[in-house]
Amino acid sequence: MVSEIILFVTFFIACQNEIANSNTVTYKEMFFNQTLDHFNFVSFGEETFQQRYLVEETWWNQGIGPIFFYTGNEDDINVFWNNTGFIHEIAPKFQALVVYAEHRFYGKSLPAGNASFTNPIIGLLTIEQALADYAHLLTHLKEALNATQCPVIAFGGSYGGMLSAYFRFKYPNIVNGAIAASAPIYQVAGLTSTSLFFQAVTQNFHNALPNCESQIRKAFQILKQWATEGVVGFNRIQKTFNLCNDISNFTKFQHFLSWARNAFVFVAMRNYPYPTDFSGKLPGHPVKAMCQQMFSTSVPTRGLALAVSLFYNASGDKECFDVEKYTPCADPTGCGEGENSRAWDFQACTEVNLEGGSNNVTDMFPDLPFTAQMRDEYCLTTWGVTPRRKWLKTHMWGRDITHSTNIVFSNGDLDPWTQGGVTHNISSGIRTILIKGGAHHVDLRRSNHADPNSVVIARSFEVMMIYSWIKQKSKNM
């Protein structure tokens, strides 16, 4: 078996740049009549909703090859299809069926259309319900496709990586192994310091160019001073950053600061060595590019405006910036825009713990706290709910994950979420890999000539583990 794995991985490395990438792989859009409430036989009775999933069966050895199952997360599922090329690269060699399932309440998988975000139906947006959706969908597909003996490998990045790990935790009878990339399962369970995230973002900019961090700190400090000048200072901010609307009070100023901070957060997560178009266009090494903008002028605040514009106006066609489009939410790292952002906001108000903020001490950003009390007040006002801080620790095992097997947790050392994830081998069945020079779930992206060797090694390790899990399944049949 060892020799087989070595041959397979060697072949994968040699061929990965020649295999179809995610931009050329098409899919069939399908819908499944999904159970609305898996755990209550009374409240919603036999109600169902249409759950979207994407399928590619070109490479599948029907009834024999494995099923590669992407556990969709907080966006339209086609966004992840277009940015998760690793699965498409290895599927032909494994002769796998590829399935991407959309998370309930996201994309087209809205249980009640526009009414999905109202009581009582919004209460069905939980991790437990989403995992049950995936289990039910897979059970149906395996029966319908005469694939009941086919092994299933789950894949996911970020929140999707959490779901892949949780899926293996909760349904080992359905999922034979999981690749959980950039999955901060400890952080969202409230088991790490709330200051780690923004501290890690700061470190990225500190390392990118000499004095970059200090220049960003200086710029934010100047803005703070301007804000004390009242209308005159607020007008200077509006003009410097080319804002569409006035900043007329301190509350709007705080909102503007959160908007500016969000640009640095997003770029830190997407700090890939090549240009990307993943929820916004960015150049290669965008953290370094932002730092270069900071030093492109002798005026720190102007440099900050140019750096922020790199994220918010990559196309260069915006006449001004509408800060009001940035919506504050229960996730201080940002929820995005539109209906998907509302869904994630609710999740961050219930099970997913993302408390904490920037403090201008351990990080370079303005003092923008998000305390437990602030979260409670926001969530009660917005959704009428109070967060359950200890639920993920209890229900999804917290740090006590030794009882599971067949999971690879991958993290990049450039990813600010790494501090909240699994970074050390737990057992022979739960393995980790740290990708030097890797950003947020970079290993799940398609191969690129600019990838550092650490990414190639990580993918090869994941291929080896997937191969071993499939062989393990065949032996147990």
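Computed from the coordinates by the stated procedures, all read-outs in this text should not be read as laboratory data. Quick caveat: nothing in here was measured; it's all calculated off a predicted structure. Positions of Cβ are backbone-derived with ideal geometry, glycine not excepted, and every protein chain shown enters the neighbour counts.
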message: How many angstrom lie between the Cα centre of region 168-195 and the Cα centre of region 276-305?
response: 32
- prompt: Among bridges DSSP assigns within the chain, what percent are antiparallel (round to 5)?
  reply: 40
message: Please give the Cα centre distance for region 364-398 versus region 399-477, rounded to the nearest Å.
response: 29
- request: Could you tell me the distance between the Cα centroids of region 137-155 and region 97-129, to the nearest Å?
  value: 22
query: Taking the Cα centre of region 371-417 as the origin, how large is its charge dipole in debye, to the nearest 20, when only Lys and Arg (+1) and Asp and Glu (-1) carry charge on their Cβ atoms?
result: 260
message: Could you tell me the calculated FRET efficiency between Asn242 and Glu339, based on Cβ-Cβ distance and R0 = 25 angstrom, to the nearest 0.05?
response: 0.30
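Between Glu29 and His424, what is 0.36 nm times their sequence separation minus the Cα-Cα distance? Round to one decimal in nm.
Working: separation 395, 0.36 × 395 = 142.20 nm, distance 3.79 nm.
Extending this stretch completely gives an extra 138.4 nm.
Give me the percent relative contact order of region 366-477, please, defined on Cα pairs under 8 angstrom at least 6 residues apart. Could the numbers behind the result be given before it?
Numbers: 109 pairs, mean separation 21.3, N = 112.
Across region 366-477, relative contact order equals 19 percent.
Magnitude of the Cβ-charge dipole of region 318-477, K/R +1 and D/E -1, about the Cα centre, nearest 20 debye? Present the calculation step by step, with values, prior to reporting the outcome.
Numbers: 17 positive and 19 negative charges, 230 e Å.
Roughly 1100 debye, rounded to the nearest 20.
Order 322-330, 378-386, 441-449 from most to least packed using the mean count of other Cβ atoms within 10 Å. Don't skip to the end; give the middle numbers.
On the way: 322-330: 17.4, 378-386: 14.8, 441-449: 22.2.
Highest to lowest by the protection proxy: 441-449, 322-330, 378-386.
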query: Using the Karplus equation 6.51 cos²θ - 1.76 cosθ + 1.60 (θ = phi - 60°), what ³J(HN,Hα) coupling, rounded to whole Hz, does each residue of region 351-365 give in order, writing x for Gly and Pro?
result: 9, 8, 8, 10, 5, x, x, 8, 10, 6, 10, 8, 9, 8, 8
- request: For a quick protection proxy, order the peptides 39-46, 300-307 by their average other-Cβ count within 10 Å, most packed first.
  value: 300-307, 39-46
message: If I take every Cα pair under 8 Å that is 6 or more residues apart in the chain, average their sequence separation and divide by the length, what percent do I get for the relative contact order?
response: 18
query: When you count, for each residue, the other Cβ atoms within 10 Å and take the mean per peptide, how do 174-183, 245-254 rank with the highest first?
result: 174-183, 245-254
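Kindly provide the helix-only [θ] at 222 nm of the chain, computed as the sum of -39,500 (n - 2.57) over DSSP H runs of four or more divided by all residues, to the nearest 500 deg cm²/dmol? Working shown, then result.
Details: 16 runs with 197 residues, N = 477.
That comes out to -13000 deg cm²/dmol.
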message: Going by amide H atoms built from the backbone, whose H comes under 5 Å of the H on Ser358, apart from near neighbours?
response: Leu368
message: I'd like the projected area of the chain, averaged over all directions, using the convex hull of its alpha carbons. Report it in nm² with one decimal.
response: 22.2
field: Thr139 versus Gln50: modelled label distance in nm, points set 7 Å from Cα along the beta carbon direction
entry: 2.4
- request: Would you be so kind as to identify which of Thr276, Pro366, Gly412 lies farthest towards the positive end of the dipole of the chain, taking Lys and Arg as +1 and Asp and Glu as -1 on Cβ and the Cα centre as origin?
  value: Gly412
task: Would you mind getting me the FRET efficiency between Glu324 and Asp277? Use the beta-carbon distance for r and R0 = 30 Å, nearest 0.05.
output: 0.75
query: Setting aside same-chain residues fewer than 8 positions from Lys393, which lysines have a Cα under 21 Å from its Cα?
result: Lys170
task: Taking H placed 1.01 Å from N in the peptide plane, check which residues at least 5 places from Leu145 or on another chain put their amide H under 5 Å from its amide H.
output: none
- prompt: With the contact rule set at Cα under 8 Å and sequence spacing of 6 or more, what percent relative contact order holds for region 52-199?
  reply: 26
- request: Taking H placed 1.01 Å from N in the peptide plane, check which residues at least 5 places from Arg389 or on another chain put their amide H under 5 Å from its amide H.
  value: none
field: Dipole-positive endmost among Ile174, Ser214, Gly160 within region 143-250 (Cβ charges, Cα centre)
entry: Ser214
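If one computes P(r) from the Cα atoms of region 198-268, what percent of pairs lie at distances over 13 Å? Walk me through the numbers before you get to the answer.
On the way: 1671 of 2485 pairs.
Across region 198-268, Cα pairs with separations above 13 Å total 67 percent.
Charges at C-beta only: +1 for Lys and Arg, -1 for Asp and Glu. How large is the resulting dipole of the chain about its Cα centre, in Debye rounded to 20?
On the way: 36 positive and 40 negative charges, 192 e Å.
Dipole size: approximately 920 debye.
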query: How far apart, in nm, are the 7 Å Cα→Cβ label points at Ile457 and Ser474?
result: 2.9
Hydrodynamic radius of region 67-184 per Kirkwood, over alpha carbon pairs, in Å: 14.6
